[in-house]
Amino acid sequence: MTQVLDLKPIDADTEAKLESAIAERDHIRTVIREVVSSALTNIWFVGAGGSLICSYPAHYLLQRHGTVPTFQLQSDELNCSQPKLMGKGSLVVLASYTGTTKETVEAAKTATATGATVIAAAKAGSPLAEAVGIAFSGKSDIFELLVALAVLEATGNDLPWDDIDQGLSALPAAVRHAVEEADPTLASIADDFKDDDVTYVLGSGPSYGWAYGMAMCFLQEMQWKHAAGFNSGEFFQGAFEVIDNDSAVILWLGEDASRPMGERALAFLDTYAGRARTIDVADLELPGVPAAVRPIVSPLVVGALANRLAQRYEHVRNHSLENRHYMFKVEY
């Protein structure tokens, strides 16, 4: 008899993970103030897989509001081709959930050799923590955003800092609340799309990371389903030609400045894709988070929703998120 996987409860440590990372905020601010005062010239967010995906909100925020040039780079891209701009005056921010991702550990060494200041979110005592100058224990989905906020604060940006302080304090419980509120919708999506041959996932701005991540990490890696993630704007440069009323499409709609891109995609999908489903963060309550802060934190909410949607797929497809063909099992 085939064993049926029970539905996981909404992650009990959702709040605890966020709280532990936010508790490191003052340490992060101290480190970043020192880096800025030492003539910061550029910033690099470096990672692989989920850890690179989690840097999208930070990268987006600094591009939109910052004055220091900011880049994203896949870990092995750094190892294979060291950027000429990286060196003394650079801040390199890495992350790895396990602290053992071999290309990210090597990237830390590569970046350090350039003379850059290298920091990371990594498990204490892990190879990555040992390879960087300063290691934090916070999870990368908010760690990198806290770094970005610290840079903006240290460089004199006039964001609404009192509201941001209030929003960060409220964020752990607010994210949990949003996941609970959206859970029936997520359950419906997983049930509707569980048997589709291909699933398309769209997102814009900082939410694009979880269009890519939902497709690659959760559906391809963890559910062995064919999927593709697209920027909501790039969707109109070709991918939309394969969409019809039978297509399985998921649209993440955030509250940041790129929202009109998502709304354009939504208008098309409402007309030509009868089965498309939208998860709009603006429809969800985030108790205690000021309106001015919602655009900053909405991509973190998208990440939490993507994680819960993956758990819903796991349950309705009876396919564990831990199953792998190759990852951690063969040499690669």
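Structural remarks
- The residue pairs whose first member lies in region 320-332 and is closer than 15 Å to LYS8 by Cα and modelled with pLDDT of 95 or more, whose second member is of a type outside the set (Ser, Thr, Tyr) and surrounded by 11 or more Cβ atoms within 10 Å (Cβ to Cβ), and whose beta carbons are closer than 7 Å, counting only pairs six or more residues apart or on different chains, are SER320/LEU5; SER320/GLU314; LEU321/MET222; LEU321/ALA310; LEU321/GLU314.
- Restricting the first member to region 47-70 and to residues that are open to solvent by 10 Å² or more (accessible area, probe 1.4 Å), and the second to residues that are of a type in the set (D, E, K, R) and at pLDDT below 95, the beta-carbon pairs closer than 9 Å and six or more apart or on different chains are GLY50/ASP141; PRO57/ASP141.
- Looking across region 116-133 at every residue that is surrounded by 18 or more Cβ atoms within 10 Å (Cβ to Cβ) and in a loop (DSSP other than H, G, I, E, B), the one that is farthest from the chain's Cα centre (by Cα) is identified as ALA116.
- Test: residue in region 252-266 that is open to solvent by less than 10 Å² (accessible area, probe 1.4 Å) and either more than 24 Å from the chain's Cα centre (by Cα) or free of Cβ contacts under 8 Å to residues at least 40 places away in the same chain (or both): no
- Conditions (1) free of Cβ contacts under 8 Å to residues at least 60 places away in the same chain; (2) more than 19 Å from the chain's Cα centre (by Cα); number of the one not met by ILE189: (1)
- The set of residues in region 22-36 being in contact (Cβ under 8 Å) with a residue 40 or more places away in the chain and not in a loop (DSSP other than H, G, I, E, B) consists of ILE22, ARG25, HIS27, ILE28, ARG29, VAL31, ILE32, ARG33, VAL35, VAL36.
- Residues in region 134-163 that are assigned to a loop (DSSP other than H, G, I, E, B), touching a residue at least 12 places away in the same chain (Cβ under 8 Å) and not polar (S, T, N, Q): GLY138, LYS139, LEU159, PRO160.
- Flag set for ALA248, criterion: in contact with an Asp or Glu (Cβ under 7 Å, 6 or more places away or on another chain) and within 26 Å of LEU300 (Cβ to Cβ).
- Restricting region 79-101 to residues that are within 20 Å of the chain's Cα centre (by Cα) and either over 17 Å from PHE143 (Cβ atoms) or part of a loop (DSSP other than H, G, I, E, B) (or both), the residue that is modelled with the lowest pLDDT is TYR97.
- Selection from region 76-109 of residues that are of a type in the set (S, T, N, Q) and either surrounded by fewer than 16 Cβ atoms within 10 Å (Cβ to Cβ) or closer than 16 Å to ASN42 by Cβ (or both): SER81, GLN82, SER90, THR98, THR100
- Of the candidates GLY262, GLY274, the single residue that is closer than 19 Å to ALA187 by Cα and out of contact with any helix residue (DSSP H, G or I) (no Cβ under 7 Å at 6 or more places or on another chain) is GLY274.
The values are calculated or read from the model by the stated rules, or taken from the named source; none is laboratory data. As the structure is a computational prediction, the values presented were derived from the model and not from experiment. Note that we place each Cβ from the backbone using ideal geometry, even for glycine, and neighbour counts take in every protein chain shown. Accessible surface areas use protein heavy atoms only, side chains included; no ligands, DNA or RNA. Shrake-Rupley method; radii C 1.70, N 1.55, O 1.52, S 1.80 Å.
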